[in-house]
Amino acid sequence: MHELSITSYLLDAVQEEAERLGARRVVSIDLVIGERMAVIDDSLRYCFELLAAGTPAEGASVNVRRVSMRFRCPEHGEYGPSGADFACPQCGAVGEISEPATQLLVESLEIER
């Protein structure tokens, strides 16, 4: 379950930003997670609950927005895969995966001061 290590990183980043902002409490966290990260939302939230206990982020809601996997064909630009077929629909070449599908980003925090 890699959600535990991801959540540990996430909580560190959230606490650092909350401290920088002078937050007394973190109310909610908005995340952007790429489809290729293979993170299970419920597992992430469960791990967050466990790790955030006793911190300013305890009880914060974790909201996830998914970014679909996208590829870039050198000839035809960006495209989305069709099921398990990662080939460009125009030329059949398999393009390079674009960065957003592998990202984990804290998009915003709601805090109380």
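The values are calculated or read from the model by the stated rules, or taken from the named source; none is laboratory data. From a predicted model like this one, the values you see are computed outputs, not experimental measurements. Note that we place each Cβ from the backbone using ideal geometry, even for glycine, and neighbour counts take in every protein chain shown. Side chains included, ligands, DNA and RNA excluded: accessible areas come from the protein's heavy atoms. Shrake-Rupley method; radii C 1.70, N 1.55, O 1.52, S 1.80 Å.
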Any GluC sites (Glu not before Pro) in the range 46-109 that lie in a DSSP loop and have at most 13 other Cβ atoms within 10 Å would be Glu58, Glu75
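Within 10 Å of each candidate Cβ there may be at most 16 other Cβ atoms; applying that plus a DSSP loop requirement, which chymotrypsin sites (Phe, Trp or Tyr not before Pro) in the range 51-108 survive?
On the way: sites: Phe71, Tyr79, Phe86; in loops: Phe86.
For chymotrypsin sites (Phe, Trp or Tyr not before Pro) across the range 51-108 that sit outside H, G, I, E and B with at most 16 neighbouring Cβ atoms in 10 Å, the list reads Phe86.
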Asserting the computed 222 nm helical MRE of the chain (DSSP H runs at least 4 long, -39500 (n - 2.57) per run, divided by residue count, to nearest 500) equals -8500 deg cm²/dmol
With the 1.4 Å probe rolled over protein heavy atoms, the range 1-64 has an accessible area per residue in Å² of 55
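Can you give me the % of accessible surface on the chain that is carbon or sulfur? Probe 1.4 Å, all protein chains present, nothing else counted.
Details: 3340 of 6850 Å².
Roughly 49 percent, rounded to a whole number.
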Two pseudo-spin positions, 7 Å from Cα along C-beta at Arg24 and at Leu50, lie apart in nanometres by 3.1
